[in-house]
Ligand code: MG
C-alpha cells in the first residue's frame, strides 16, 4: 500500500504569538516543523512527505527542512484550501492512502502512525482521539456556567487523519470553493465516507500556546526537569608480588598485590573519580591526598562512599556505574559477580545498574607486560535540582 503524508503548516499561529509562526520555532534547538516531518520520514511505511506552507514562509521553511527529503506545496487562506492544494500536488504520486497531519504536533509516534495505517481501508477514514477526562460545561454569553455536557459521546480528535486518497479527493471536489471545515474528518463525512476513531496519544498534543513549549521540553526529557550527566575516571596501580589484592572491595588471592598508599584498589579509585566528575568536585587526590597518613592502607570503599555522600549532598542521584578493569592477571571473571554485588551494596544500587567488565591489552604496554593494572569507570547521575 502506497502511503503519502500531507503536513499542513500554512497557518500564522496567531494564538501563539512571537516573531515567526509557531511551527518554525524551536524545541531544544530543533524547529517544530522539522521534528514533525522527521517523524514521518523515518517511518518505514511512508513513501512520500509533502509539506503545505504559507508563501511568505519559504525562507523559514528552507531553514527548518534543510536537507530533508520533503516536497513543498504553497497553501491557501484556510486549512481547507491548504489541504486542497496539497491533495492536488499529491495527485502525481497517486497514493493509496493519505495521512494528513498538523505541523504543530511534533510528537506523533511511529506506533500511532502504524496503527492508523492499519485502521485505514479503501472505503474508510480513521483518526486518533482521546476521550475527555475533565467535566464539560456550556458557558453562557455572560461567562456564567450554563449546563452539563455528557462526556460519553464526545472525543477530542487529533491528527494524523488517514483516508483512502481517491475518495478524499472526491469529497474535497464536492465542497464549495470557499468552504472552511474544521478538519479532514469533517470533509470526508461531507462526502459520506465513514470514519472511525482509534486511541490517540496524550503526547501527540498540538502546540498552540507558549506554555505548550514547556510541555514539549518535558516530553523530550522523560525525567521531567531532571538532567542526567556522566563522569569518567581512570586509575593505575603497579602490580607486585604479594599475598592478595583488593579490587572493587573484593579480595583476590592470586599471588599478586597492588602497590599504593591506601589499599590501592584501582577500580574503586577510578569509580570515585567518575562520581566526583559528575558534580565537578575535583579528584580523589584533592579529597584524600596520599601525603595524608590517615589514608595509609585505608579501605578504598571509604573514598567511594564519601564521594557518594557528596553526590547526595549536591542533590544528585547515582543511577548507573560501568567499570572496565585492564590487566593480564589476575583473571577478573571468577570475581566479577562478587564485585558487582559489593559495589551494589556500597552504593545502594540495583545489581542491574552495576556493570563490571575486564579486558587485556593483547600483551602490549604496561598492562600487557604485567607491570600494572588499570581501571576505567563511568558514573551516570540524575541531578535533582
Ligand atoms: Mg589510585
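Listing for the model above:
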read-out: Gyration tensor verdict on segment 278-336 (Cα atoms; rounded if a/c is under 1.5, prolate if a/b is larger than b/c, oblate otherwise); value: oblate
read-out: Global form of segment 247-294, assessed from the alpha-carbon gyration tensor, a/c cut-off 1.5; value: oblate
read-out: Residue 150 paired with residue 234, simple spin-label distance in nm, labels 7 Å along Cα-to-beta-carbon; value: 7.1 nm
read-out: Efficiency of FRET from Cβ geometry, residue 114 and residue 170, R₀ 35 Å, rounded to 0.05; value: 0.85
read-out: Gaussian network model of the chain, Cα within-10 Å springs - most flexible of 174, 158, 23; value: 174
read-out: Sites residue 12 and residue 306, calculated FRET efficiency, Cβ-Cβ separation with R0 56 Å, nearest 0.05; value: 0.45
read-out: Efficiency of FRET from Cβ geometry, residue 382 and residue 244, R₀ 56 Å, rounded to 0.05; value: 0.95
read-out: All-pairs alpha carbon distance profile, segment 120-271, 10 Å steps from 0, percent; value: 9, 19, 18, 14, 7, 8, 11, 10, 4, 0
read-out: Helix axis angle, 336-347 relative to the chain longest principal axis, alpha carbon, degrees; value: 80 degrees
read-out: Inter-probe distance in nm under a simple model that places probes 7 Å from Cα toward Cβ, at residue 351 and residue 74; value: 6.7 nm
read-out: Most fluctuating residue given options 76, 315, 129, as computed from a GNM of the chain linking Cα atoms under 10 Å; value: 315
read-out: Value of [θ]222 nm, deg cm²/dmol, for the chain, DSSP H segments ≥ 4, -39500 (n - 2.57) each, nearest 500; value: -8000 deg cm²/dmol
read-out: Within segment 263-288, backbone nitrogen closer than 15 Å to the virtual label 7 Å beyond the Cα of residue 361 toward Cβ; value: none
read-out: Cα→Cβ-extended label distance, 7 Å offset, between residue 299 and residue 227, nm; value: 3.6 nm
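Throughout, read-outs are computed from the coordinates displayed, never taken from laboratory work. This is a predicted model, so every value here is computed, not measured. Virtual Cβ from ideal backbone geometry, glycine too; neighbours counted across all protein chains shown.
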